[in-house]
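Contents: one structure, followed by commentary.
The values are calculated or read from the model by the stated rules, or taken from the named source; none is laboratory data. In this text, all values refer to a predicted model and were calculated from it rather than measured experimentally. Glycine gets a Cβ as well: all are built from the backbone with ideal geometry, and neighbour counts include every protein chain shown. Ligands, DNA and RNA are stripped out before the accessible areas are found, and what is left, the full protein with its side chains, is counted by its heavy atoms. Shrake-Rupley method; radii C 1.70, N 1.55, O 1.52, S 1.80 Å.
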Amino acid sequence: MEDFNDKNCLYPPHKYLQNAVFKERYIKPNISWRASYLNGKRGISRVFRIPFASLMKKFFLKSYFEKRVLQGKVDLPYLELVLTTKCTMRCESCNNLMQYFEPQKQYASTLQGLKESLEALFKRVDSIQRLRIIGGEPLLFKELPELVEYLEQQDKIYTFSLVSNGTVDFSDDLLKALKHSSKFRKVTISDYSLSPNLKIKREQESILRNLKLYKIPFSLDSSGENAKWTDPGKIYKRNRSKEKIIENFHFCKMPCVSLMSAEGIRNEEGKLKENAHALAPKGAIFVCPVASSLSRLKGLEEFEGDFINLEDEKQRFFDFYAQDFFKACDYCHDWSKPRKQIPIAIQSDTIFKLEP
Ligand code: SF4
Ligand code: SF4
């Protein structure tokens, strides 16, 4: 068993296993991602066609991950790696808050910065079941082929995938890197053909042709002829009580934990600030992309306690998955209320403000 300083820990290790939030956010998704990994990648799905084998698998994985917690081993079920907040589109209802970023204040990571963040992470975690590369538009990240090669070499990553809005063609280098990766799962292309006012040319046909040519698995994220989005509403601080903020988190249950490197924090004039990331010099992990984007728009200090500093001790990872109070959840609309349906990907030139 590794050293756990119980004094600073929300719980001693065995208590995490009695925490309902931890079970929901950590144990359950670890079981489900590892089960899908074993079914697909390892090619042993036929074993689980035997009656009761699926139940046995879940039972076995549950006790496996619980034991790992007691041993102080950290297994991240799912992690989104945010490369940039820049996007070729500007959807006024972007769930990742791209519509709130001024051009000179965008987050743009570098391969070197991401490697520093991931290496700090690998010192503390024992496995990452599934990593997803996201943006903004991740194809705007020039070193994407090198990043794919780097991720492929990391023993602690089981599988990774990539999502793109289908407006930037894949380079030959990227296609080759994806084709040669044994851990790469699939490209998800979001189909925005039903956007009522799309201002940029879609490269979907050429991208899909190339993905087929290189035999790279992909899916087209298309919701059919009647495609609609659910209105995420405006994002701003609502000054709810702590209980109401926790309630909002429980209604939302967003599983998309996201990592941003410590790069490119800018001041009001758009100039890079020195020591701006003092609370997380190697980068941080947030509860969701709304929270990671908010940390850029408002500053990390505003959200102290919400995120994992990548240089934190191992037990902070368990604490993070056991907590249900995140200041960022005060900025979201009330998840208990129904939301209206809106056309997909409405484009806007406006830079939104974090206000009602
Ligand atoms: S395509 Fe639209 S929804 Fe997707 S990241 Fe860009 S702005 Fe956001
Ligand atoms: S900030 Fe909280 S309520 Fe909003 S999407 Fe993220 S987890 Fe959900």
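Results, tabulated for the structure shown:
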read-out	value
FRET efficiency, Lys199 to Glu102 (Cβ-Cβ, R0 22 Å, nearest 0.05)	0.75
Model label zone, Tyr236; criterion: amide N under 19 Å from point 7 Å along Cα-to-beta-carbon; scope the range 93-113	93-102
Mean projected area (nm²) of the alpha-carbon convex hull when the range 211-356 is viewed from all directions	12.6 nm²
³J(HN,Hα), Karplus 6.51/-1.76/1.60, whole Hz, each residue of the range 335-344, x for Gly, Pro	6, 7, 9, x, 10, 7, 8, 9, x, 7
Spin-label model distance (nm) - Lys353 vs Lys115, 7 Å beyond Cα toward Cβ	4.3 nm
Hypothetical label at Leu208: residues of the range 155-194 whose amide nitrogen lies under 16 Å (7 Å Cα-Cβ projection)	164-170, 187-194
Extension reserve of the Val21-Lys298 stretch, reckoned as 0.36 nm per residue once the Cα distance is removed	97.0 nm
Volume per residue that the Cα convex hull of the chain spans, once the total is divided by residue count, Å³	156 Å³
Cut-off under 5 Å, modelled amide H: who pairs with Ile157 long-range	Ile128
Heavy-atom accessible surface of the chain: percent carbon and sulfur, 1.4 Å	50 percent
Exceeding the 24 Å Cα-Cα cut-off - candidates Lys253/Lys327; Lys73/Lys115; Lys67/Lys186; Lys115/Lys212; Lys179/Lys201; Lys183/Lys215	Lys67/Lys186; Lys115/Lys212; Lys179/Lys201
Per residue solvent-accessible surface (Å²) - the range 76-342, probe of 1.4 Å	45 Å²
